[in-house]
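The values are calculated or read from the model by the stated rules, or taken from the named source; none is laboratory data. If you're wondering where the values come from, they're calculated on a predicted model, not measured in any experiment. Positions of Cβ are generated from backbone atoms using ideal geometry, with glycine treated the same way; all protein chains shown enter the neighbour counts.
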Amino acid sequence: MKHDSIHTRPAQTEDIPAIGRIVVRSWRHTFDGLISGDFLGAMSDDHQRQRHERMFSFRGVVYYVAVTGDGEVIGFCSGGPSRLQAYADRNEIYAIYLMPGHEHKGIGRRLFEDVATDLAASGRRGLFLTALSVNPNRPFYRKLGGVEAEAESLQLGNEIYPQVAFVWDEIPVRR
């Protein structure tokens, strides 16, 4: 699939099942051997679909999807008001995931910029996201201009994992 045939657009309700699948496939691909195999094995498309259906309906939440020329949803990014007290005055990127095999083609950057640009109209200043410390994609967030900061650990299943925050004082809108 050529990179040029992939476009981004605001997500629609019918995209949510694909979003659920993308989360599960992305986590299993990215975190294999880095976090609990039991946790990864227990992830389900249906649970993620339900989770994102709830998030999709919240006021101020923005979702964009990346779609191939033949209509397949292969990535998404979501964001909205901060869910963390430490960053209460900022916008938060909640998730940014691509189906395995679509990384390193500029798609994630486009999705991030789409969501960040929409969030810039919220009146909240700045932006942040959290990532597991073991996340091999941390250099991607640095390339986008995020500055690392401390973040609370996250419990996944029976294990606790350290996280890092990436913070932008100004929202990086599309140029």
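Tabulated values for the structure
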quantity: I19 surrounded by 13 or more Cβ atoms within 10 Å (Cβ to Cβ), touching a His at 6+ places or on another chain (Cβ under 9 Å) and either in a loop (DSSP other than H, G, I, E, B) or at pLDDT 95 or above (or both); calculated: yes
quantity: Some residue of segment 58-68 being over 23 Å from R90 (Cα atoms), surrounded by fewer than 17 Cβ atoms within 10 Å (Cβ to Cβ) and out of contact with any Leu (no Cβ under 9 Å at 6 or more places or on another chain); calculated: yes
quantity: Residues that are more than 21 Å from E72 (Cβ to Cβ) and either aliphatic (A, V, I, L, M) or in a helix (DSSP H, G or I) (or both), drawn from segment 107-124; calculated: E113, A116, T117, D118, L119, A120, A121, S122
quantity: Residues satisfying the stated conditions in segment 71-105, i.e. among the acidic types (D, E) and at pLDDT 95 or above; calculated: E72, E92
quantity: Of all residues making up segment 72-85, the number that are farther than 20 Å from E53 by Cα and either in contact with a Leu (Cβ under 6 Å, 6 or more places away or on another chain) or without any contact (Cβ under 8 Å) to a residue 24 or more places away in the chain (or both); calculated: 1
quantity: Considering residues of segment 28-57 that are in contact (Cβ under 8 Å) with a residue 60 or more places away in the chain and in a helix (DSSP H, G or I) only, the residue nearest to the chain's Cα centre (by Cα); calculated: T30
quantity: Single residue of P139, P100 found to be part of a loop (DSSP other than H, G, I, E, B) and surrounded by fewer than 16 Cβ atoms within 10 Å (Cβ to Cβ); calculated: P100
quantity: Lone unmet requirement of (1) outside any helix (DSSP H, G or I); (2) closer than 19 Å to L129 by Cα for D70; calculated: (2)
quantity: Any hit, segment 29-45, residues being exposed (fewer than 12 other Cβ atoms within 10 Å of the Cβ), out of contact with any Leu (no Cβ under 8 Å at 6 or more places or on another chain) and at positive phi; calculated: yes
quantity: Per-region count, segment 1-12, residues touching a Phe, Trp or Tyr at 6+ places or on another chain (Cβ under 7 Å), polar (S, T, N, Q) and surrounded by fewer than 16 Cβ atoms within 10 Å (Cβ to Cβ); calculated: 0
quantity: Verdict on R109 being free of Cβ contacts under 8 Å to residues at least 60 places away in the same chain, touching a Ser or Thr at 6+ places or on another chain (Cβ under 8 Å), basic (K, R) and surrounded by 13 or more Cβ atoms within 10 Å (Cβ to Cβ); calculated: no
quantity: Scope segment 149-160; condition more than 18 Å from the chain's Cα centre (by Cα), farther than 21 Å from D89 by Cα and not polar (S, T, N, Q); matching residues; calculated: G157, E159, I160
